[in-house]
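One structure is given here, and the rest of the page talks about it.
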Amino acid sequence: MRQSQMLIPTLKENPADADVISHRLMLRAGLIRQVASGLYTWLPLGLRVLRRVEQILREELARSGAQEVLMPVVQPAELWEESGRWHKMGPEMLRMQDRHQRNFCLSPTHEEVVTDLFRREVHSYRQLPCNFYQIQTKFRDEVRPRFGVMRAREFTMKDGYSFHMDQESLDATYREMHDCYSRILRRMDLRFRAVEADTGNIGGASSHEFHVLADSGEDVIVHALHSDYAANLEKATAAAPPTRPAPTAALTRVATPGQESIAEVSAFLSLPAARCLKTLILDGVDGPVAVVLRGDHALNEIKAQKLPGVTVPLRLAADTAVLEAAGCRPGSLGPLGLAIPTWVDIEAAAVADFVCGANTDGFHYTGANWERDIPLDATRVVDVRNVLPGDPAPDGSGPLALQRGIEVGHIFQLGRVYSAPLAAGVLDRSGASVIPLMGCYGIGVTRMVAAIIEQNHDDAGIIWPRPVAPFDVHVIALNYAKSEAVRTATEGLLQELEQLGFSVLLDDRDERAGVKFADADLIGIPHRVTVGDRGLAQGVVEYRGRRDTENQEVALAALAERLR
RNA sequence: CGGAGUGUAGCUCAGCUUGGUAGAGCACCACGUUCGGGACGUGGGGGCCGGAGGUUCGAAUCCUCUCACUCCGACCA
């Protein structure tokens with residue numbers, strides 16, 4: 001491919017709207033252009049990368065026995081009404097009407113359609129298990145699209161759905177997909193981690209997320225330093241704390257004028273934050289609910305939302321509601337004498353001689369103790385905090401560490417959440433109708449391209465891993481327009497390399513050397529070969545890997561071998 | 001949806017406070033010089049200053065409304 005014939009609009013300056021590195025580089029290297037918020041056009045170079053990623057997915061999925069299909073982006077409301085999601089889904093689902101005023105949506109996902117396909121066409125246990133996937137456009141009207149294609153509204157996703165007679169079969173396919181995803185990410189040379197994930201409102205037995213490790217990632221993942229334990233922050237737990245020491249201090253009410261935050265109270269009383277308990281009041285279904293945490297711990301909202309009586313989504317109670325429930329402002333709350341349902345984090349329940357608010361503005365207690373001063377109902381002791389780096393892993397293997405990641409894949413077991421309401425039964429050996437179990441497996445394809453760049457770049461530009469690079473070799477022909485020798489050598493080289501199966505981008509533009517080199521670094525093709533009169537006089541060209549800092553002279557005839 | 005910010009040439013931005021003929025750099029076109037890490041000179045093309053209304057003799061500039069985009073938060077299989 002000749003660069004003069006290809007639209008690769010590189011930018012010297014950083015676009016004002018791009019903050020994260022991948023977004024910036026994708027714009028600067030001419031991979032994508034924004035059309036509207038969260039909507040992008042993929043330009044020729046970017047599309048080639050996307051296609052290579054897709055190709056790897058197809059190869060690995062085929063190896064795992066999945067069959068490719070293609071389902072529509074526009075879907076009828078009827079199917080979503082059957083599953084109950086037409087009304088459950090919020091405004092992130094874009095709805096529309098056709099000319100007959102029939103309702104449709106732009107598909108955010110395809111469970112309904114694939115289940116409909118299944119129930120129409122598959123009727124016997126002998127056809128199970130089966131596993132369908134597609135690589136298709138999704139649309140989710142995100143409240144806040146950001147980070148370029150990382151969180152776009154329209155994006156490409158590989159989504160797969162499997163159907164099973166029993167849990168054992170579902171487990172087997174689930175494991176196969178877990179392996180498949182790991183192979184895919186390894187093939188792309190990505191550093192990643194598969195972590196246990198919260199199953200969300202769908203429920204189901206297992207769920208794993210695949211995260212590409214990157215500091216710019218939106219998610220926090222937790223892993224044990226000395227074992228395989230890994231989970232996302234929403235789900236991660238620490239080992240239970242040691243049993244609570246016996247009380248030694250007397251309960252004392254102290255004036256703490258103007259000291260409201262844990263930091264202030266802890267400094268004022270010269271006690272570590274871990275000895276101060278913080279009490280949060282949340283909106284509840286039947287009135288406010290309190291949660292008590294250690295002062296140095298943060299509330300885990302996902303865990304808190306699962307507590308009975310807490311509203312979903314979780315909301316902190318307004319100051320007026322706090323005053324009504326406890327008789328004070330939020331800065332002086334404490335569990336002692338609090339007359340609303342109170343959940344206590346397991347770590348908070350393990351502290352003795354602690355500080356807490358006195359439910360009177362400007363006063364706290366010191367030397368407070370559970371049981372002696374405040375009743376503690378064991379069924380109200382729960383895990384509702386975010387783990388911290390250094391916390392002990394739940395498997396007892398040692399400390400936990402935290403890292404940021406980009407969620408590029410998610411697999412989970414759906415059970416019968418869709419197959420049951422859509423009545424997708426098949427007959428078993430005895431002729432009885434059985435509702436199959438389903439699994440669901442997603443990879444964000446466009447997001448994956450951004451994640452690859454987050455992990456593979458330097459100050460000059462992108463550094464594509466070979467398996468996904470838009471081209472294998474970038475031939476920089478210097479003075480191509482004027483030098484007959486360069487043209488002849490380049491054409492020969494191009495033919496030879498392409499015959500050997502390399503895809504080659506030839507920079508035949510009438511540009512100065514500096515411009516070509518800078519663009520080459522920005523675009524990030526793994527192998528760069530410079531052909532110029534200077535080298536040709538000695539019968540050599542120059543080779544430079546994208547990560548190299550020096551050129552190597554290579555005899556023209558030996559280049560193909562060098563690239564192997 | 002709450003908070004903040006930005007809209008001026010293809011890109012990055014100045015001009016706005018204090019109203020008076022719309023600018024710079026890069027990019028683009030032509031010619032010349034140059035030619036191995038983002039060249040230089042000369043000339044040129046390109047703008048409904050996001051949109052609408054208002055104030056004014058006169059609005060990119062002041063006022064009101066509106067739209068778009070970005071950031072922070074909330075939300076998110």
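Using the structure shown, decide if residue A:10 is modelled with pLDDT of 90 or more and within 9 Å of RNA strand B (Cβ to nearest atom). Before you say what the answer is, go through the steps one by one.
Numbers: modelled with pLDDT of 90 or more: yes; within 9 Å of RNA strand B (Cβ to nearest atom): yes.
In short, yes.
Scanning region A:173-204 for residues that are polar (S, T, N, Q) and either at pLDDT 95 or above or touching a Gly at 6+ places or on another chain (Cβ under 6 Å) (or both) returns A:173, A:182.
Can you work out which of the residues in region A:447-467 that are β-branched (Val, Ile, Thr) and buried (at least 24 other Cβ atoms within 10 Å of the Cβ) is farthest from the chain's Cα centre (by Cα)? Here the answer is A:462.
Scanning region A:128-149 for residues that are more than 10 Å from RNA strand B (Cβ to nearest atom) and assigned to a strand (DSSP E or B) yields A:130, A:131, A:132, A:133, A:134, A:135, A:136, A:137, A:139.
Checking each residue in region A:18-40 for being over 30 Å from residue A:493 (Cβ atoms), within 11 Å of RNA strand B (Cβ to nearest atom) and not β-branched (Val, Ile, Thr) picks out A:18, A:19, A:23, A:24, A:27, A:33, A:34, A:36, A:37, A:38, A:39, A:40.
Here is a yes/no grid of residues against (1) open to solvent by less than 50 Å² (accessible area, probe 1.4 Å); (2) aliphatic (A, V, I, L, M); (3) modelled with pLDDT under 90:
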position	(1), (2), (3)
A:224	yes, yes, no
A:228	no, no, yes
A:232	yes, no, yes
A:243	no, no, no
A:253	no, no, no
A:260	no, no, yes
A:264	no, no, yes
A:275	no, no, no
A:279	yes, no, no
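Among the residues in region A:474-482, are any within 21 Å of residue A:52 (Cα to Cα) and among the hydrophobic types (A, V, I, L, M, F, W, C)? Looking for residues that are within 21 Å of residue A:52 (Cα to Cα) and among the hydrophobic types (A, V, I, L, M, F, W, C), one finds at least one in region A:474-482, hence yes.
Just the residues that are under 30 Å from residue A:131 (Cβ atoms) and among the polar types (S, T, N, Q), please, taken from region A:12-70. Residues satisfying the conditions are A:55, A:64, A:67. Scan region A:399-424 for residues that are away from RNA strand B (no atom under 16 Å from the Cβ), over 30 Å from residue A:447 (Cα atoms) and open to solvent by 20 Å² or more (accessible area, probe 1.4 Å) and the total you get is 3.
From the list A:421, A:335, A:389, A:394, the one residue that fits, being touching a Leu at 6+ places or on another chain (Cβ under 6 Å) and in a loop (DSSP other than H, G, I, E, B), is A:389. In region A:515-528, is there at least one residue being more than 10 Å from RNA strand B (Cβ to nearest atom) and either open to solvent by 50 Å² or more (accessible area, probe 1.4 Å) or in a strand (DSSP E or B) (or both)? Checked against the condition, which is being more than 10 Å from RNA strand B (Cβ to nearest atom) and either open to solvent by 50 Å² or more (accessible area, probe 1.4 Å) or in a strand (DSSP E or B) (or both), region A:515-528 yields at least one hit.
Could you pull out the residue among A:564, A:487 that is basic (Lys, Arg), surrounded by 16 or more Cβ atoms within 10 Å (Cβ to Cβ) and more than 12 Å from RNA strand B (Cβ to nearest atom)? Spell out the reasoning first.
Numbers: A:564 fails: surrounded by 16 or more Cβ atoms within 10 Å (Cβ to Cβ).
None of the other options fit; the residue is A:487.
Could you go through region A:41-62 and let me know if any residue there is open to solvent by less than 10 Å² (accessible area, probe 1.4 Å) and within 10 Å of RNA strand B (Cβ to nearest atom). Checked against the condition, which is being open to solvent by less than 10 Å² (accessible area, probe 1.4 Å) and within 10 Å of RNA strand B (Cβ to nearest atom), region A:41-62 yields no hits at all. For the criterion of being closer than 15 Å to residue A:486 by Cβ, open to solvent by 40 Å² or more (accessible area, probe 1.4 Å) and in a helix (DSSP H, G or I), residue A:509 fails.
Screening residue A:477 on (1) of a type in the set (Gly, Ala, Ser); (2) open to solvent by 10 Å² or more (accessible area, probe 1.4 Å); (3) in contact with a helix residue (DSSP H, G or I) (Cβ under 8 Å, 6 or more places away or on another chain) shows it passes everything except condition (2). Just the residues that are within 14 Å of RNA strand B (Cβ to nearest atom), closer than 15 Å to residue A:407 by Cα and assigned to a loop (DSSP other than H, G, I, E, B), please, taken from region A:150-196. Residue satisfying the conditions is A:152 alone. All of A:15, A:72, A:76 fail the test of being more than 16 Å from RNA strand B (Cβ to nearest atom) and open to solvent by less than 50 Å² (accessible area, probe 1.4 Å), apart from A:76.
What number of residues within region A:338-356 are assigned to a strand (DSSP E or B) and within 34 Å of the chain's Cα centre (by Cα)? Reasoning before the result, please.
Applying the first criterion (assigned to a strand (DSSP E or B)) to region A:338-356 yields A:342-345, A:354-356.
Checking the rest, the ones that are also within 34 Å of the chain's Cα centre (by Cα) come to A:342-345.
Matching residues across region A:338-356 total 4.
Yes or no, residue by residue, for (1) assigned by TED's automatic domain parsing to the domain that holds residue A:407; (2) buried (at least 20 other Cβ atoms within 10 Å of the Cβ); (3) in contact with a helix residue (DSSP H, G or I) (Cβ under 8 Å, 6 or more places away or on another chain); (4) not polar (S, T, N, Q):
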| position | (1), (2), (3), (4) |
| --- | --- |
| A:95 | no, no, yes, yes |
| A:112 | yes, yes, yes, yes |
| A:116 | yes, yes, yes, yes |
| A:133 | yes, yes, yes, yes |
| A:142 | yes, no, no, yes |
| A:159 | yes, yes, no, yes |
| A:196 | yes, no, no, yes |
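The values are calculated or read from the model by the stated rules, or taken from the named source; none is laboratory data. Model, not experiment: these values are computed from the prediction. We place every Cβ from the backbone using ideal geometry, glycine too, and count neighbours over all the protein chains shown. The protein model used for the area step is the full one, side chains on, heavy atoms only, and it has no ligands, DNA or RNA in it. Shrake-Rupley method; radii C 1.70, N 1.55, O 1.52, S 1.80 Å.
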